[in-house]
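The values are calculated or read from the model by the stated rules, or taken from the named source; none is laboratory data. These figures come from a predicted structure and were not determined experimentally. A quick note on method: Cβ atoms are made from the backbone with ideal geometry, for glycine too, and the neighbour counts reach across all protein chains shown. For accessibility, only protein heavy atoms count, side chains too; no ligands or nucleic acids. Shrake-Rupley method; radii C 1.70, N 1.55, O 1.52, S 1.80 Å.
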Amino acid sequence: MAQALGEGLAPSPELQDDSSSLGSDSELSGPGPYRQADRYGFIGGSSAEPGPGHPTADLIRQREMKWVEMTSHWEKTMSRRYKKVKMQCRKGIPSALRARCWPLLCGAHVCQKNNPGTYQELAEAPGDPQWMETIGRDLHRQFPLHEMFVSPQGYGQQGLLQVLKAYTLYRPEQGYCQAQGPVAAVLLMHLPPEEAFWCLVQICEVYLPGYYGPHMEAVRLDAEVFMALLRRLLPHVHKHLQQVGVGPLLYLPEWFLCLFARSLPFPTVLRVWDAFLSEGAKVLFRVGLTLVRLALGTAEQRRACPGLLETLGALRAISPTQLQEEVFMSQVHSVVLSERDLHREIKAQLAQLPDSAPGPLPRPQARLAGAQAIFEAQQLAGAQRGAKPEVPRIVVQPPEEPRPPRRKPQTRGKTFHGLLTRARGPPLEGPPRPQRSSTSFLDTRF
């Protein structure tokens, strides 16, 4: 199963020899226009200028200030204001702050703090020769037109080798999956190798457990879930795919395993990652449903794809204008798919898996639904790890003296003067009051 899925991730023939073409001295030291890179580092790319709908510089500055304020008090922000974090992730994390925000969102900063020196030990240790040979063959295939990965001895390819080798040593039972290459490469474009490694660990073990192991059992389950969602949300497209024989395993693994790093324009990839690290795997399903709708949503599009090859070609040939980040992400977030809907469908498809299915059964309960669930799980684990067992103490408190019950005063037949006298108690001792020498009013009048 893993080999079949891995073959679908192989690069196109025109990119297989890119190490000899882009790595040559004549082209690396060639004329200036060829060496010009866009704002993301791609040589000769078309992203030098922001696309339509891109936020203004003032708006970007405002968003940067919001993220600086939120990340300065991250625990308080995640505990009380996660909705604001989610909305800001949907708007897009500013490029200058992704290196700060991505490790916080996925919890990699906590993993790095709890495991000091682990990555250095893994990076210095010798790798498994089997995995090292496979990783070495894939290095030049990861974004060959990006300035970080042009040279085999450059920082990009060497850092990618160390990160992938470290993961095979960290999880030897899982080893290396070809789809981890582009994921780690995108992380290295923004993060130092150690932070990129822990982000890769979180993606493989918390966001998408069971994706990159030898059996890829979670990929098979999510493929069935995706078809069930397609049947409910886009029934005409689902019927067409069934008629032409296009199953989800023909296109979905490349999308989900690589987190769309090979299927979308790079600015849109970054926006998808912002939302994915915030909200979890639900975003991958929304993006996939949006792509299928853009490719085969109308009757004319389906009529133009009478067979399997034409349908697969349509899924890979969506117009770049439709994939522009602002326009595309607004459609992604409008897909009606909640976390509860996804869990219900996963549970239904898991119950339909045959007992004789090869490999281990998927464990969807190991998947956490985004940054908030990861934060709460890490907070709970930290509290349990830091809590010291308390010795029980017996505290004896003396019994309180019983108070006499309060009695309601009897006011019937009593004068007000008598009540005041009784309430005040006996008169205080003091000098005798002088007697008045004047006669009374009655004696004077009569």
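Report the Cα centroid-to-centroid distance between the range 90-155 and the range 247-288 in angstrom, as an integer. So the two Cα centres are separated by 19 Å. Model label sites at Arg232 and Arg407, defined 7 Å from Cα along the beta-carbon direction, differ in position by 7.4 nm. Per the Debye formula on identical point scatterers at the alpha carbon atoms of the range 257-346, with no solvent, log10 I(q)/I(0) at q = 0.12, 0.25 Å⁻¹ is -0.39, -1.29.
Here the contact order of the range 107-207, divided by its residue count and restricted to Cα pairs under 8 Å and six or more residues apart, works out to 34 percent. Estimated at 0.36 nm per residue, the fully extended path between Arg316 and Lys84 surpasses their Cα-Cα distance by 80.1 nm.
Were the residues from Asn114 through Glu64 laid out at 0.36 nm apart, the gain over their Cα-Cα distance would be 15.2 nm. Shape of the range 130-277 from its Cα gyration tensor (a ≥ b ≥ c, root eigenvalues): rounded if a/c is under 1.5, otherwise prolate when a/b > b/c, or oblate? Prolate, because a/c is 1.5 or more and a/b exceeds b/c. Here the calculated FRET efficiency for Leu145 and His333, from their Cβ-Cβ distance with R0 = 25 Å, stands at 0.25, rounded to the nearest 0.05. Summed over the residues of the range 107-207 and divided among them, the accessible surface reaches 38 Å² per residue at a probe radius of 1.4 Å. All C-alpha to C-alpha distances of the range 107-207, sorted into 10 Å bins beginning at zero, yield P(r) values of 16, 54, 28, 2 percent in whole numbers. What FRET efficiency comes out for Leu309 versus Leu350 if R0 is 45 angstrom and r is the Cβ-Cβ distance? Round to the nearest 0.05. E(calc), rounded to 0.05, equals 0.90.
Here the spin labels are modelled as points 7 Å beyond Cα on the Cα-Cβ line, and at Leu250 and Gln130 they lie 3.2 nm apart. If the chain linking Trp74 and Thr298 were pulled fully straight, counting 0.36 nm for each residue of separation and taking away their Cα-Cα distance, it would gain 76.2 nm. Other residues lying with their Cβ under 10 Å from the Cβ of His73 contribute a combined charge of +1, Lys and Arg counting +1, Asp and Glu -1.
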